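The values are calculated or read from the model by the stated rules, or taken from the named source; none is laboratory data. Note that the structure is a prediction, hence the values are computed from the model and not measured. All Cβ positions, glycine included, derive from the backbone under ideal geometry; neighbour counts span all protein chains shown.
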Amino acid sequence: MKVTKMLKVNRWEDIDWKTVEQNIFRKQNQMYRATLASNITEVRRLQRDLLKDPYARLLSVKRVTSENTGKYTPGVDGAIILKNSDRLLLAQRMNLDKDYKAKPLKRVYYQNQTAN
């Protein structure tokens, strides 16, 4: 089942997680084999493909919002996503928007305490 069809379901629980995890594992395994063969260009291509893969984005939403121990900690945007309907909306927004671009990390600089 394609990701776009998977995301058009009405419920987060209806997503076939076994298919999602198998797809991601297959890509990671390809990356591992390319690394063993010292094929750096193939590894870089597979890394780029994995970052853009809709299955990877879907799995990342699941891990960050439901499996992670910090799921009750708000992010930079201050949002905490606890309901399955909100998780589905987030996954749809990340996967279906062609112009979606992740925001950069918030960088906080601290003064060195030992320097005078």
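Filter region 78-96 for residues that are basic (Lys, Arg) and within 14 Å of the chain's Cα centre (by Cα); which is surrounded by the fewest Cβ atoms within 10 Å (Cβ to Cβ)? Quick ask: steps written out before the conclusion?
Of the residues in region 78-96, the ones basic (Lys, Arg) are 83, 87, 93.
Applying the additional criterion that residues be within 14 Å of the chain's Cα centre (by Cα) yields 87, 93.
Numbers: 87: 19, 93: 13.
Selected residue: 93.
A single member of 39, 84 is modelled with pLDDT of 90 or more and either on the phi < 0 side of the Ramachandran plot or among the basic types (Lys, Arg) (or both), and it is 39.
For region 28-104, the helices (runs of 4 or more DSSP H) that sit wholly inside it and include 1 or more residues that are out of contact with any helix residue (DSSP H, G or I) (no Cβ under 6 Å at 6 or more places or on another chain) and over 26 Å from residue 14 (Cα atoms) are 40-52.
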